[in-house]
Structures are given as structure tokens and as C-alpha cells.
1. Specify the residue that is surrounded by the most Cβ atoms within 10 Å (Cβ to Cβ); the eligible residues are those in the stretch 93-108 that are more than 16 Å from the ligand (Cβ to nearest atom) and modelled with pLDDT under 90.
2. Here's a check for you: in the stretch 70-92, which residue that is under 23 Å from residue 119 (Cα atoms) and crowded, with 19+ Cβ neighbours inside 10 Å is nearest to the ligand (Cβ to nearest atom)?
3. How many residues are out of contact with any Lys or Arg (no Cβ under 9 Å at 6 or more places or on another chain) and part of a loop (DSSP other than H, G, I, E, B) when one looks only at the stretch 77-114?
4. Name every residue in the stretch 227-237 that is without any contact (Cβ under 8 Å) to a residue 24 or more places away in the chain and either aliphatic (A, V, I, L, M) or in contact with a Phe, Trp or Tyr (Cβ under 8 Å, 6 or more places away or on another chain) (or both), in order of residue number.
5. Scan the stretch 238-245 and give yes if some residue there is in contact (Cβ under 8 Å) with a residue 12 or more places away in the chain and under 30 Å from residue 143 (Cα atoms), otherwise no.
6. For the stretch 162-202, name all the residues that are among the small types (Gly, Ala, Ser) and within 11 Å of the chain's Cα centre (by Cα).
7. Looking at (1) outside any loop (DSSP other than H, G, I, E, B); (2) near the ligand (Cβ under 10 Å from one of its atoms); (3) closer than 22 Å to residue 241 by Cβ, which is the one condition that is false for residue 33?
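The values are calculated or read from the model by the stated rules, or taken from the named source; none is laboratory data. Everything quoted here is computed from the prediction, not taken from an experiment. Quick reminder, even Gly has a Cβ in these numbers, built from the backbone with ideal geometry, and neighbours come from all protein chains shown.
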Amino acid sequence: MEQIHQLGRLTLVNWPAHDRSRPIVELENVTVRYNGNTALENVSFSLQRGEQVAIIGPNGAGKSTLFNVIAGVVSPAEGQVRIYGDTPDEHICIAYVPQRSRADWSFPVNVFDVVMMGRVGKMGLFRWPTRRDRQIVRQALEVVEMDHLAKRQISELSGGQQQRVFIARALAQEAELMLMDEPLTGLDIKSQEAIFSILNRLRARQVTILLATHDLNLAADRFDRLMLLNRRLIGFGSPDQVLTHDLLNRAYSGHMRLIDTPNGTMVISDTCCGGGEH
Ligand code: ADP
């Protein structure tokens, strides 16, 4: 648990302990209900540090709810969530990378300042950024190749660039776990490639990624492990283990078609996304 000691004007914050011998995320028989309606049921899994996992499933499958229980924003009705063996609340090592469409782009703020917001958890609200904070922000912008646009207004960026700024903000927070809510949706292939090359850089830094996507083929091509969700955890494993007719039918029941092609099974789901933005 976080402890705050007030020492005159100085505030020291002790974040929850990290027992790195434990999985970065552990869910044990987690059930979440909203007003009696079950959004997640008896979900158990664990992630090791540095893993990158795609979450797939139809609309309403519980993907956002899963992010919320991991972030400690929603409490499970039953079961346990642990982050490095501790309760999920107060962990600033977890960053939520939102869907672009959920952000308010009319807010007049530049790229550097948005990424600096990631430092607030570490600095506290009432301290000016130090040289080290600014250096961390610059490095985060370099990782996502947005350093040349640091002074640009966030509203003037393309969709792919805005997504990269969100990832930089999570990096500036020194997040060890990033919960990415459909970061690929609506991006053209070049911008998706830019996100994948950033994911490779994050892999090298041992940042753990849980990424929600509607694109099953992309998930299969780019991720070693997939989580197939529809209220329950229907499958969790390699693309070959998860993308079977049986499991897909159980998850999407009626919301998709499976077409056998010479190159494998093609999935056409009802929840695809328009696209083409860069
Ligand atoms: P997904 O992200 O996969 O689309 P969600 O986690 O948003 O799924 O939703 C799972 C289920 O929980 C849906 O039936 C949704 O309507 C319901 N739900 C999600 N958030 C809330 C909430 N705050 N209050 C009530 N019901 C909710």
C-alpha cells in the first residue's frame, strides 16, 4: 500500500512493493458484475514480465472491463487481481493507453506537455519538472520517433502520431505494463507498422503489453500469445492453439464467418473497423 509521509513541504511517496519473482499480472477466478450483469466470469491467467499478448473477442466481450480490473479502477465481485503479488490500486507502473476516439482533441496542449503528464505520478502534482523529468520525456519521444514534433499541438497530429504520443506518455510514466485499447484501429498499414516497431522496442525494454484488437489476422501474425475472451476466458495460448474453429465459434457465435483458404482459415468478423488514417 502507498504510504505518504508529509515532512514539512516535502512529500515522499512509497509506491507498492514489486516482488519481481511474482508474475506482473495474476488473475484468479475473477468475476465482475455491473448492476448484477456479469461482464467477466471466473477469469484466471497470469502474465510474465515482458510478455506481449493480444486480447481478441467480440464487442461487449469484457476487454475494457479486464483493463479496468487490472488497473484497479473496477473491483471484482469475486476473485483476486495481483500486480507483482500486490493489490492493483496505486500502481503507477500500469499505464492505460486509450483509444484515440475517447480523447478530447480540442484541448490546446503540445506533444511535449502531454508526455510530461506521464511524469505527474512520479513527481507529484506540486513540483516543477526537473532536468531529469524533461530528459525522460525527450527519451520517450525518441522511442516513438516523435521528438521532432515535440512543440506541435496534439490536435494537429495524425491518428498514428497521436497514438505514438500516448505510448510516449506511458513510457514517461515508466510503466512496466501497458494496457492498449485498440491502438491499431483505423490506422493505415504504414502507421500500424510504426506501432509494431515501437512494440518491438518496448519488448527489448521488458515492457509488458496487453493490446485489445478486433483484427484477428493481425493478432495472429504479430503476437506470440492471444487471449480469446467472451465474458469467460475461452482460449489463451499461441495463435494455433487459440484460433481454432471450435474456440472461435464459442467466442463469436454467429458474429463471424470462417472461410477456409489455401493459406489457412480466414476470419471475417462483424466488428471490423474502417480504416485508412495514418
Ligand atoms: P468490450 O471492451 O469487449 O467491448 P466491455 O468491457 O466494455 O467490453 O463490456 C462488457 C459488458 O459489460 C458489456 O455488456 C457492457 O455493456 C457492460 N459494461 C461495461 N461497462 C459498464 C458499466 N460501467 N456499467 C454497466 N455495464 C457496463
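1. So the first thing to find is which residues in the stretch 93-108 are more than 16 Å from the ligand (Cβ to nearest atom), and the list is 93-95, 103-108.
Restricting the remaining residues to those that are modelled with pLDDT under 90 gives 93, 103-108.
Values: 93: 20, 103: 15, 104: 7, 105: 13, 106: 7, 107: 10, 108: 8.
For the stretch 93-108, the residue satisfying everything is 93.
2. Of all residues in the stretch 70-92, those under 23 Å from residue 119 (Cα atoms) come to 70-73, 83-84, 86-92.
Of the ones still in play, those that are also crowded, with 19+ Cβ neighbours inside 10 Å are 70, 83-84, 88, 91.
Working: 70: 12, 83: 19, 84: 24, 88: 16, 91: 20 Å.
Applying the filter and picking the extreme gives 70.
3. Final tally of qualifying residues: 14.
4. Initially, the stretch 227-237 is screened for residues without any contact (Cβ under 8 Å) to a residue 24 or more places away in the chain, giving 235, 237.
The answer is none; no residue qualifies.
5. Keep residues of the stretch 238-245 that are in contact (Cβ under 8 Å) with a residue 12 or more places away in the chain, which gives 238-239, 242-243, 245.
Right, trim to under 30 Å from residue 143 (Cα atoms) and you get 238-239.
So far as the stretch 238-245 goes, yes, one or more of its residues are in contact (Cβ under 8 Å) with a residue 12 or more places away in the chain and under 30 Å from residue 143 (Cα atoms).
6. Passing the criteria: 170, 175.
7. (3)
Every residue, every condition in (1) hydrophobic (A, V, I, L, M, F, W, C); (2) under 14 Å from residue 98 (Cβ atoms), yes or no:
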site: 163; (1), (2): no, yes
site: 187; (1), (2): yes, no
site: 209; (1), (2): yes, no
site: 212; (1), (2): yes, yes
site: 218; (1), (2): yes, no
site: 227; (1), (2): yes, no
site: 235; (1), (2): no, no
